[in-house]
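Here is the structure we will look at, set down as structure tokens.
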Amino acid sequence: MSFKISMFSGSTDLDEALTLLAQTAMGLPRDCKTLTLEQAHEYYCSEAGYNQLLQTAKRFQINPLLKLQQLDRLFRDELLSRKALRTHAARNVYNSGKVALWQALWTPFKDKLLPNQALLQAMADFIALNTVQSGVNWLVQQLESMGFAIKHLTNNKHSPILFAHRAAMGMQGHVVLYGHYDTVKPQSERWDTDPLQLTVKSNRLYGCGIGDNKGPLAVRLQTIANLDKTPALTWIIQGEEEIGSPFAHQQFPSLLQGLNATLWLEETGYQDDDGTQRVLARVIGNEGNLPPDRFLWTLIESLAQDAALWNVGYRVESRSLNKDFFENGCPFNKQLPTGARYLAIGINDPRSGIHKPNESIPAWTIRLHQRQLVTVFDWVNRIAPGE
Amino acid sequence: MQLTHQQIQFFHKESYIAVGPLVDESKTQQLKNTFSQLQRQWAQEQGESLEDYCRVLSQWTNLWKQHLLFEAQIHHANITAIARQLLGVSEIQLFHDHLISKPPVHSKAVPWHQDYAFWPVDKPRALSAWLALDDVTEKSGCLEFLPGAHLDGEQAPQDFLGSDKDWGERQTEVRKVPVPAGWVIFHNCLSWHMTAPNQTHQERCAFICIYMDANCHWKPNHSEWHPTNDQVSVAPGECFNMDEFPLIQSEGIGYEL
């Protein structure tokens with residue numbers, strides 16, 4: 001399980017990689033079909049397309065890239081190889097042409113646009129766990145290794161709520177993060193892949209809980225584990241969201257009211273089909289939602305700059321993440337204290353199919369979210385002292 | 001043509017045997033000339049210069065469908081007789097043929113691998129008959145084998161783009177098998193073999209026929225992808241269709257060329 005090039009001529013890995021890069025470099029819609037190699041050739045080797053590629057490389061601080069003429073040659077060689085395979089069963093033995101194109105064009109961008117192997121492994125490990133205890137144990141191990149002190153809120157009737165806290169590390173401010181480790185029970189017979197096995201296919205990651213909420217949790221865990229500096233962090237992770245959060249509804253009123261945070265971060269967030277980032281941002285007023293305050297707008301502007309790196313736009317909605325699956329709603333959103341600044345950004349999109357067979361997330365959102373977490377922490381550090 | 005008992009024993013023990021000459025010089029030259037003609041024709045059809053065509057492409061599958069000379073070659077009486085003896089069966093079928101031209105100077109090594117792991121075939125009852133069309137030397141990238149390693153059975157397919165197979169202390173047992181043009185190396189489909197880069201300034205061509213026990217069946221899920229799958233018209237578990245995977249007649253088919 002990885003984003004590797006396949007040695008097989010019939011594989012579509014190169015085409016998928018070049019599509020993802022074209023979406024990033026040339027602003028193709030994120031839901032466009034995989035480009036054929038002929039289409040990719042036209043995009044990358046047109047003057048406009050090549051210039052956009054260079055600009056993207058500059059944004060991501062990648063250099064040098066092949067000259068246009070060299071790139072064109074590689075495309076033509078691989079096109080010849082594929083055409084020869086179709087017409088008279090000839091090919092470039094063991095795909096050396098495909099490898100050349102992959103290495104020249106995709107390899108420099110790969111680590112900027114796709115999650116690394118360690119994160120994929122962490123997601124795979126978490127998704128494979130299908131009992132409450134194994135999920136809790138995995139999370140506790142991860143959090144403790146990062147220096148979090150963890151309280152287990154539990155009684156005999158309910159799955160535990162993990163209340164994890166880590167003091168500030170070289171930054172001001174305090175962020176409260178929310179998440180849940182339970183998932184709906186997958187109907188395996190309706191899945192195309194094993195729901196408990198992370199599967200990479202066509203630039204998407206599949207697995208039960210990959211969007212709700214194991215994937216976002218794993219991304220945030222790995223991102224934070226690799227940061228030297230963070231504000232104080234409180235992470236509240238419950239285990240009964242998929243059955244209506246009965247225990248959280250009991251516990252959160254007292255738990256959340258006692259916290260004083262610079263920002264409250266929702267379990268995940270969404271991008272639209274075309275890639276536009278949906279930023280849910282609001283301030284909790286005495287009588288409901290208020291629009292973002294001037295501080296929160298400065299954060300939104302910074303997040304927009306991050307999104308622009310990936311060539312996607314953004315839009316802001318002043319509301320909570322929609323998850324009214326149960327009558328009482330989300331205990332986290334219900335109990336946010338007055339004055340709380342709320343933000344929902346994450347890795348999901350409309351195709352994620354939460355609670356459905358073949359739940360998935362787009363691979364490209366992970367790196368963006370990792371960068372935006374850093375942006376969030378920098379912002380918290382900047383504004384906290386003045387408050 | 002009949003191999004000796006010792007030769008057959010050698011093949012089963014070591015996983016390969018070189019026999020020759022089985023094809024005379026005029027015939028190997030004829031095969032090469034015909035292939036060159038085909039290359040020119042294909043380059044023209046693709047709208048490419050011959051130079052670019054030959055720079056990019058290095059393997060051609062099922063030449064028996066492209067030219068009568070290659071069709072005759074897959075039925076070569078002595079080569080197919082030896083294949084029957086080594087497989088221990090009376091009926092064999094061609095899985096596919098392929099010509100590999102290891103280009104001069106800028107070719108790469110083909111790492112250690114077993115062929116069978118890549119085939120959509122239900123049992124390892126097959127061999128390759130590797131006919132050298134040029135004199136093949138250590139410098140031009142001859143076949144290398146680890147004798148006896150096939151007896152450990154089928155292993156996971158090797159990734160040609162990232163293979164790191166290391167034989168450790170067994171590396172000293174590796175045999176390089178240079179052969180003159182016209183010789184044939186028969187090797188078991190489970191043999192572990194590789195070729196080094198061609199460091200000469202001449203291309204190194206080999207025409208390879210893969211013969212299988214005619215009682216082998218199509219098993220598409222045995223391999224991730226194989227170009228011959230497109231030619232299969234039977235259901236999984238059935239013998240391969242003979243129109244695309246020809247049955248090899250026991251006494252050759254008497255081509256007049």
Once the Cβ-Cβ distance between B:ASP164 and B:LYS123 is put in as r, and R0 is 25 Å, what FRET efficiency do you end up with, to the nearest 0.05? 0.30
If you stretched the chain out fully between B:ASN215 and B:LYS13, how much longer would it get, using 0.36 nm times the residue separation minus the C-alpha to C-alpha distance? 70.4 nm
Given a 1.4 Å probe and heavy atoms of the protein chains only, how would you sort A:THR34, A:THR24, largest accessible area at the top? A:THR34, A:THR24
Calculated FRET efficiency, A:GLU327 and A:SER254, Cβ-Cβ r, R0 22 Å, to nearest 0.05? 0.55
Divide, for the protein assembly as shown, the radius of gyration over alpha carbons by 2.2 N^0.38 Å, where N is the residue count. 1.20
Along each principal axis of its Cα atoms, how long is region A:252-298 end to end? Whole angstroms, biggest number first, please. 40, 23, 20
Förster radius 35 Å - calculated FRET efficiency between A:ASP72 and A:GLU387, Cβ distance, rounded to 0.05: 0.05
Simple Cβ-charge dipole of chain A, Lys/Arg +1 and Asp/Glu -1, about Cα centre, in debye nearest 20: 760
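Taking DSSP loops as anything outside H, G, I, E and B, show the longest stretch in chain B free of trypsin sites (Lys or Arg not before Pro) there with at most 14 other beta carbons within 10 Å.
Counting only loop sites that pass the neighbour cut-off, the longest clear stretch is B:1-138.
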For region B:156-232, state what percent of all Cα-Cα pairs lands in each successive 10 Å bin, counting from 0 Å until the bin that includes the largest distance. 10, 35, 38, 17, 1
For region B:1-76, compute Rh as the Kirkwood radius over C-alpha pairs and then the Stokes-Einstein diffusion coefficient at 37 °C and 0.692 mPa s; write the answer in µm²/s, rounded to an integer. 218
Rounded to the nearest 10 degrees, the helix A:246-257 long axis (Cα) sits at an angle to the longest Cα principal axis of chain A of 80
Please give the direction-averaged projected area of the C-alpha convex hull for region A:13-111, in square nanometres with one decimal. 6.2
Put B:MET1, A:MET7 in order of accessible area, largest first, probe 1.4 Å, and you get B:MET1, A:MET7
Run the numbers on chain B and let me know its relative contact order in percent, using alpha-carbon pairs under 8 Å that are six or more apart. 31
Candidate cut points under chymotrypsin sites (Phe, Trp or Tyr not before Pro) in region B:69-116, DSSP loop plus at most 12 other Cβ atoms within 10 Å of their own Cβ, are none
Taking max minus min of the Cα coordinates of region A:125-175 on each principal axis, largest first, gives extents in Å of 37, 26, 15
Region A:13-111: relative contact order from alpha carbon pairs under 8 Å, six or more residues apart, as a whole percent, is 28
Can you tell me how region A:72-113 classifies by the Cα gyration tensor, rounded, prolate or oblate, using a/c under 1.5 as the rounded cut? prolate
Using Cα pairs closer than 8 Å and at least 6 residues apart in sequence, work out the relative contact order for chain A, in percent. 19
Separation in nanometres of the label points that stand 7 Å from Cα toward Cβ, at B:GLN171 and A:THR107: 2.3
Pull out a ≥ b ≥ c, the square roots of the eigenvalues of the alpha-carbon gyration tensor of chain B, then state rounded if a/c is under 1.5, prolate if not and a/b is larger than b/c, and oblate in the remaining case. rounded
Within 10 Å of the Cβ of an average residue in B:53-64, the count of other chain Cβ atoms is 5
With bins 10 Å wide starting at 0, give me the P(r) of region A:117-386 over every alpha carbon pair, in whole percents. 7, 31, 39, 20, 2, 0
Looking at A:ILE347, A:ALA304, A:ASN226, which one has the Cα that reaches farthest to the positive end of the dipole of chain A (charges on Cβ: Lys, Arg +1; Asp, Glu -1)? A:ASN226
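Taking a ≥ b ≥ c as the square roots of the Cα gyration tensor eigenvalues, with a/c under 1.5 meaning rounded and otherwise prolate when a/b beats b/c, else oblate, which class fits region A:93-172?
Oblate, since a/c reaches 1.5 and b/c is not below a/b.
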Each residue of region A:142-157 in order: what ³J(HN,Hα) in whole Hz does its phi give by Karplus 6.51 cos²θ - 1.76 cosθ + 1.60, θ = phi - 60°, with x for Gly and Pro? 4, 5, 5, 5, 9, x, 7, 9, 10, 9, 9, 8, 7, 9, 5, 8
Checked against a 18 Å limit on the C-alpha separation, the offending pairs among A:LYS4/B:LYS102; A:LYS185/A:LYS214; B:LYS139/B:LYS176; A:LYS4/A:LYS110; B:LYS13/B:LYS219 are A:LYS4/B:LYS102; B:LYS13/B:LYS219
Would you check the accessible area of A:MET169, probe 1.4 Å, heavy atoms only, in square angstrom rounded to 10? 70
Amide H partners (placed H, <5 Å) of A:GLN197, local residues excluded: A:CYS208
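The values are calculated or read from the model by the stated rules, or taken from the named source; none is laboratory data. None of these values were measured; they are calculated from a predicted model. Using ideal geometry, Cβ is built from the backbone for each residue, glycine included, and neighbour counts are taken over all protein chains shown. The accessibility values were calculated without ligands, DNA or RNA, using every heavy atom of the protein model including side chains. Shrake-Rupley method; radii C 1.70, N 1.55, O 1.52, S 1.80 Å.
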